[in-house]
Amino acid sequence: MVAERIQTAGVIGAGLMGSAIAAHFAGAGIRTHLLDIVPPNLSPEERDKPKARSRFSESGLERALKVKPAAFFDPDARRLIQTGNLEDHLERLRECDLVVEAVVENLEVKRRLFETIAPHLKADVILASNTSGLSIAGLAEVLPAALQSRFVILHFFNPVRYMRLVEVSSGPKTDPSVAEAAARFGEFLGKGIVYAKDTPNFVANRIGVYSMMLTVHEMLAAGLSIEAVDKITGTPMAKPKSAAFGTADIVGLDTLAHVAQNCFDSLPNDEERGVFAIPEFVQKMISKGQLGRKSDSGFYKKVGADLLVYDLKTGEYRAQEKVRFDSLGAARNESDAGKRLKALIAADDPAGRFAWRLLSRTLLYSARRVGEIADDILNIDRAMRWGFNWELGPFEAWDAISVPDSVARMKAEGLAIPEWVSAMLAAGRTRFYGEDAARPSYYDPRSKQLEAVPDDPRELRLIALKATPTRVVKHNSGATLVDLGDGVLGVEFHTKLNTLDADVIEMLGHAATIGETSFEAILIGNQGEHFCAGANLMLIAIAAQQKMWSQIEQIVTAMQGALQRLRYAKVPVVAAPFQYTLGGGAEVAMAADARQAQAETYMGLVEVGVGLIPAGGGCVRMVERYTDGLAALGVDLLPFVGQASLNIATAKVSTSAEEAKALRYLSSTDGISLNPAHHLQEAKQRALGLARAGYRPPLPPLLPAAGHDAARTIGARIWGMVEGGYATQHDALIANKVAHILCGGMVAAGTLLPEQHFLDLEREAFVSLAGEEKTQLRVQHMLTQGKPLRN
């Protein structure tokens, strides 16, 4: 069965994981049956009521709809989920192409479930378990032989929608083609696949929980506080900002302890088994219900606006102490994860020594697991990046700090080096990965040589294309034009956070000219962390401080001109937004003929947060999208323009690409890519589709104005917000300017206006606001603090 042809799935177990898996399936367009047991304590009156009998699955679905962060891309996808129970609705499983078990982590419970459902599964079903650590061989024993061949582990990570990792593990009798189909289905869902061996807790949890438990034990030995350890083990060590104990609170102390205990119990021969032993203070916290965020207290506890920390000496919560280490101050200014880590572990202070102790042991432990938990270092590194959000996997981190130097330091400290690592160094290889990023490769201890990272024809890799000099059409410090092949010109931003500056804007103009003369289509996209986080505020701040209003006007005019040029280019323009697509980034995407967005696209016109308004055509595009087709109907435009004005004035940002459609930042016909690795290739195909289907540039529209009276009505609502304490006077000033622009200025309702009229209003309002002292304070606050100022 082709993975993409899985039309109907069953998920058994409507707890936290099961309901989230069902939500993600529904978000991918998969019709899903969510089943759970009949509640055991039903009253006599309830026993014959279908809703009561399916209460567990119903409540699981309701939980998935309410959970934060959201489990659904679009809550309306709940219509694809049908709830039920395991007594009345087993026959539904015959419809399912895939059935995923996500019940309690108990071997006997799972085995009894498999015995129950096996007679109700169709012959070509894929049966999967979401177990986080039980043996697939032990689970499969109770299945009929034919079903054992179709049984795999599909281990999703929580939260399912956001964590990219899915571990796939095969049993002794699993048909390889079934495992391959399960992996392809995972990729269809947008996941990164890691092939794990049938060992306790598979790959990511084995390494990740080892690292977390090691951190706990080393903290106790070093006498450091929880908050001090988290200052070290987060960003400075190329780990998530939540760091060790913040991450434990997110995961749940009970969940962490369960995984650690499973390792301790199941790995009697593990040379570091003692690391998985749960310290007494953690056991006490769990017994008191201090489980982390889900119980409102764990290693940290939020009290009002304060985040208190658990005191290891008193067992009570207290205010966090200031943590200062010279090495952390130096690491804070280094953006490159590898350089940051290398500098930290070289530091001769408590933070540097603690980081080295953790890192060196984690690297050695990971190296000893190659061949045991996964075949190669590639799968281990991917597991840690995709499953624990490490910036660098263990072997990538080892390369970053120098394998020869770090091994020499380990030996000097009496640490045992895995034989295969010593053999690699003895053979003259000093890195685990090849240095040609365009043709990535990794060292394989089995072949004792570099092996190529497998190519994926569905992935378009810009770094590989740019390795061929003739592919680079034009380049400056802000952006590059790249020949993507098949007649498509790529526009790649590469500023910090891919923000828009003069170089990027200049390159957008060149893209239109070169695209029209030498290519069939233009694709705006990149493979950084974000599509574009907006305009470069520093340019505006400096010009405003120096009262260079004409320079600000020139910046806005250049931006508007470049995007209008692309809007009406003679070849189709497609944008590929993803992650942060904010402010000017949203305007770039909205100016294109079409968009192919990643599912995780957080898009919005957020300029009001820094006291400004969208001035790159964002207001024009919102008027166009909210009034499309209404002028001919004679409909009152106020409710529609009012909603557009509200979205801008409140800096509304979508929580997904689906919501961006509802907010009309994306069009209803825009495409959505679930898999980030396939995103650019799918965007390229969309551009080619437009180019080869008789593309003609759009005719510049005449947009209907809601009129001055509508702007005054919106203004009255804004004043009500100020009177109610929901907005400041400066908020009102900005919001009124937004309403003035969107309603067309000082014109009568129904007046048809060209786009340039709205662009002129945008530019005038932007320059005016840039001169406001409170706007300048907002801009400075964002630049220095990284968050909005309300003034």
Quiz item: Does Pro454 satisfy the condition of being open to solvent by 70 Å² or more (accessible area, probe 1.4 Å), of a type outside the set (D, E, K, R) and either at pLDDT below 95 or part of a helix (DSSP H, G or I) (or both)?
Solution: yes
Quiz item: Do you know which of the residues in the range 296-336 that are closer than 18 Å to Ser242 by Cβ and among the hydrophobic types (A, V, I, L, M, F, W, C) is most open to solvent (accessible area, probe 1.4 Å)?
Solution: Leu307
Quiz item: Which residue pairs have Cβ atoms under 8 Å apart, sit 6 or more places apart or on different chains, and have a first residue in the range 5-24 that is assigned to a helix (DSSP H, G or I) and a second that is basic (Lys, Arg)?
Solution: Leu16/Arg63; Ser19/Arg63; Ala20/Arg161; Ala23/Arg78; Ala23/Arg161; His24/Arg161
Exercise. For the range 754-771, enumerate the residues that are more than 36 Å from the chain's Cα centre (by Cα) and over 14 Å from Gly617 (Cβ atoms).
Key: Glu764, Ser768, Gly771
Quiz item: Quick one: how many residues across the range 471-506 are β-branched (Val, Ile, Thr) and at positive phi?
Solution: 0
Quiz item: Asp74 passes all but one of (1) more than 21 Å from Glu105 (Cα to Cα); (2) out of contact with any Asp or Glu (no Cβ under 6 Å at 6 or more places or on another chain); which number fails?
Solution: (2)
Quiz prompt | All positions within the range 174-189 that are open to solvent by 10 Å² or more (accessible area, probe 1.4 Å) and assigned to a loop (DSSP other than H, G, I, E, B) | solution = Thr174, Asp175
Quiz item: Do you know which of the residues in the range 752-788 that are touching a residue at least 40 places away in the same chain (Cβ under 8 Å) and among the basic types (Lys, Arg) is least open to solvent (accessible area, probe 1.4 Å)?
Solution: Arg778
Quiz item: Hey, Thr362 hits all of (1) farther than 30 Å from Pro440 by Cα; (2) open to solvent by less than 30 Å² (accessible area, probe 1.4 Å); (3) out of contact with any Asp or Glu (no Cβ under 8 Å at 6 or more places or on another chain); (4) not aliphatic (A, V, I, L, M) but one; which does it fall short on?
Solution: (1)
Quiz prompt | Selection from the range 96-111 of residues that are open to solvent by 20 Å² or more (accessible area, probe 1.4 Å), in contact (Cβ under 8 Å) with a residue 12 or more places away in the chain and farther than 21 Å from Gly186 by Cα | solution = Val104, Glu105, Leu107, Arg111
Quiz prompt | Number of the exception - Gly744 against (1) surrounded by fewer than 22 Cβ atoms within 10 Å (Cβ to Cβ); (2) outside any helix (DSSP H, G or I) | solution = (1)
Practice problem: Give the residue that is surrounded by the most Cβ atoms within 10 Å (Cβ to Cβ), with candidates limited to residues of the range 371-426 that are in a helix (DSSP H, G or I) and β-branched (Val, Ile, Thr). | Solution: Ile380
Practice problem: Have a look at Thr713, Thr669 and point out the one that is modelled with pLDDT of 95 or more, closer than 30 Å to Ser768 by Cα and of a type in the set (Ser, Thr, Tyr). | Solution: Thr713
Quiz item: Pick from Tyr210, Tyr195: which is touching a Ser or Thr at 6+ places or on another chain (Cβ under 9 Å), farther than 15 Å from Trp356 by Cα, among the hydroxyl-bearing types (Ser, Thr, Tyr) and open to solvent by less than 10 Å² (accessible area, probe 1.4 Å)?
Solution: Tyr210
Quiz prompt | Per-region count, the range 33-86, residues over 21 Å from Gly10 (Cα atoms) and part of a helix (DSSP H, G or I) | solution = 1
Quiz item: Among the residues of the range 500-556, which ones are farther than 25 Å from Asp760 by Cβ, β-branched (Val, Ile, Thr), in contact (Cβ under 8 Å) with a residue 24 or more places away in the chain and surrounded by fewer than 24 Cβ atoms within 10 Å (Cβ to Cβ)?
Solution: Ile514
Quiz prompt | Residues of the range 288-317 satisfying the condition of being among the hydroxyl-bearing types (Ser, Thr, Tyr) and more than 26 Å from Lys68 (Cα to Cα) | solution = Thr314
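Filter the range 303-329 down to the residues that are in a helix (DSSP H, G or I) and either in contact with a Pro (Cβ under 9 Å, 6 or more places away or on another chain) or closer than 20 Å to Ala222 by Cα (or both) and list them by number.
The answer is Asp326, Ser327, Leu328.
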Quiz item: Got a sec? Which of Ala749, Ala727 is out of contact with any Cys (no Cβ under 8 Å at 6 or more places or on another chain), free of Cβ contacts under 8 Å to residues at least 40 places away in the same chain and not in a helix (DSSP H, G or I)?
Solution: Ala727
Exercise. For the range 457-470, state whether one or more residues are at negative phi, part of a loop (DSSP other than H, G, I, E, B) and of a type in the set (Gly, Ala, Ser).
Key: yes
Quiz item: Going by the structure shown, is Lys774 over 30 Å from Pro457 (Cβ atoms) and modelled with pLDDT under 95?
Solution: no
Self-check item: Positions within the range 213-249 being open to solvent by 10 Å² or more (accessible area, probe 1.4 Å) and in a loop (DSSP other than H, G, I, E, B), in sequence order
Solution: Gly223, Leu224, Ser225, Lys239, Pro240, Lys241, Ser242
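The values are calculated or read from the model by the stated rules, or taken from the named source; none is laboratory data. Note that the structure is a prediction, hence the values are computed from the model and not measured. As a convention, Cβ positions derive from the backbone with ideal geometry for all residues, glycine included, and neighbour counts pool all protein chains shown. Ligands, DNA and RNA are excluded from the accessible area calculation, which covers all protein heavy atoms including side chains. Shrake-Rupley method; radii C 1.70, N 1.55, O 1.52, S 1.80 Å.
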